[in-house]
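Report on the following structure.
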Amino acid sequence: MPTDVVAHITGTVWKIEKKVGDVVAEGDTVVILESMKMEMPVEAPAGGTISAIRVGEGDSVAEGAVVAVLEEG
């Protein structure tokens, strides 16, 4: 079952740390958001393989927006 990686704040995608196919552990940084001149990491809520990146660098995202999708394994 897929797991969504969601933005915990509203901001701008500053850097994408992982790519489709990368294996991540719970707590790994997937995307870094910039909000109010602060860099805020968006971390994987569980371990798995990145199956989709739903944002691009420079995109604006709202709190709760899906930034990536993980597959188990």
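Values for this structure:
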{"quantity": "Residues GLU34 and MET1, FRET efficiency given R0 of 30 Å [Cβ-Cβ distance, rounded to 0.05]", "calculated": "0.45"}
{"quantity": "Average Cα contact separation per residue, the stretch 3-71, under 8 Å, 6 or more apart, as relative contact order %", "calculated": "45"}
{"quantity": "Total charge dipole magnitude, the stretch 3-71, about the Cα centre, Cβ charges on Lys, Arg, Asp, Glu only, Debye to nearest 20", "calculated": "140"}
{"quantity": "Those trypsin sites (Lys or Arg not before Pro) in the chain that DSSP places in a loop and that have at most 12 other beta carbons within 10 Å", "calculated": "LYS19, LYS37"}
{"quantity": "GluC sites (Glu not before Pro) within the chain: DSSP coil, no more than 12 neighbouring Cβ in 10 Å", "calculated": "GLU26, GLU57, GLU63, GLU72"}
{"quantity": "Estimated FRET transfer efficiency when R0 is 30 angstrom, pair GLU71-ILE9 (beta carbons, to 0.05)", "calculated": "0.75"}
{"quantity": "For the chain, alpha-carbon Rg and Dmax in angstrom", "calculated": "11.1, 35"}
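Taken together, the values in this text are just the output of simple stated rules run on the coordinates, not laboratory data. Please read these numbers as outputs of a predicted model, since none were measured by experiment. Cβ: placed from backbone, ideal geometry, glycine included. Neighbour counts: every protein chain shown.
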